[in-house]
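The values are calculated or read from the model by the stated rules, or taken from the named source; none is laboratory data. Predicted model only: the values in this text are computed from it and were never measured. Virtual Cβ from ideal backbone geometry, glycine too; neighbours counted across all protein chains shown. Side chains are part of the model used for accessible areas, which takes the heavy atoms of the whole protein and leaves out ligands, DNA and RNA. Shrake-Rupley method; radii C 1.70, N 1.55, O 1.52, S 1.80 Å.
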Amino acid sequence: MYKFIANVVKVILKLTGSKARVYEEHNLPKEGGFIIACTHTGYVDILNLGVSMAPREIHFMAKKQLFDIKGLGWLIERLNAFPVDRDNPGPSVIKIPSQLLKEGKIVGIFPSGTRNAEGSDLKQGAITIAQLSKAQIVPAAYIGARNAADVFKRGKGYLIYGEPFYVTGKGKEGREEFTHRLEHELVALTKELEKRVAAEKR
C-alpha cells in the first residue's frame, strides 16, 4: 500500500509542479536505520519527504488523535504511521521507534519549524530516541507548498538534508546539549534553503 500511494502522490506532485526540489541528498545514509527530523508546516512536507526517499519507506510518528479520524486513521496506518500520545507519553514512545531502527528502518519525526513547546518536545524526543537506540539522526528542512490549496495553485516545494550525526552525550545533559544542536541545525538549514530558493528565482 505504501509504495502504491507514494507513486500516486509522486505523480500528483509532479503534475501540479509541487514536487520538492531536493538539496544535499547525499547526506542521507545509504543503508541501516536512522531518524529523520524535518521541519513541519503542513502535510505536503510529509508527502514530499516520503516521495524524496522512495523506494525506502519512512515510519512516521503521529499524534494518536489522528488515528481516531475516520478514513484518515485507516490511511496513515497504511503509510507506516504509528501513534504517540503526546499528553501522556508512555514506554511506547521510545519502544516502537527503537525497534523500527533496530530493524534497519527509517523513523520520521516532525517538530515544527518554530520554538513552540510542542516542537521542542518533539526535538527532545528525537534526540532521546537517537541517544537510546544509538541511531543516526538526519536534520532536514522544508519550505514551500503546505496544503492542497497550495498544491493546486502549483506552489513549489524545496527540501534540504543536513549532515547526519550521532547523539554522543550521556544522560539528561547530553539530551539537552543535542536538542539545542538539532534546533540550531534546523534553523540553519531553513536559512540556507531560503537563500538557495531566492538565488534560483533571480
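Identify all lysines with a Cα-Cα distance to K156 below 21 Å; exclude those on the same chain that are fewer than 8 residues away in sequence.
Within reach: K10, K14, K19, K191, K195, K201.
Based on DSSP H assignment, which helices of the chain show an axial Cα extent of at least 15 Å together with a mean Kyte-Doolittle hydropathy greater than or equal to -1.0? Mind dumping the intermediate values first?
Values: long enough: 2-16 (21 Å, 1.11); 117-133 (24 Å, 0.06); 171-201 (45 Å, -1.09).
Flagged H segments are 2-16, 117-133.
Which value, in Å², gives the accessible area per residue of the chain when a 1.4 Å probe is used on the protein heavy atoms?
Numbers: 10960 Å² over 202 residues.
Here the residues of the chain average 54 Å² of exposed surface.
How high is the FRET efficiency from K70 to M1, r the C-beta distance, R0 25 Å, rounded to 0.05?
Working: r = 18 Å, r/R0 = 0.71.
Efficiency at R0 = 25 Å is approximately 0.90.
Quote the FRET efficiency, to the nearest 0.05, computed for R202 versus N27 with a Förster distance R0 of 30 Å and r equal to the Cβ-Cβ distance.
Once rounded, the FRET efficiency stands at 0.75.
Among M1, M53, what's the order by accessible area (1.4 angstrom probe), most exposed first?
Numbers: M1 110, M53 15 Å².
Highest to lowest solvent-accessible surface, that is M1, M53.
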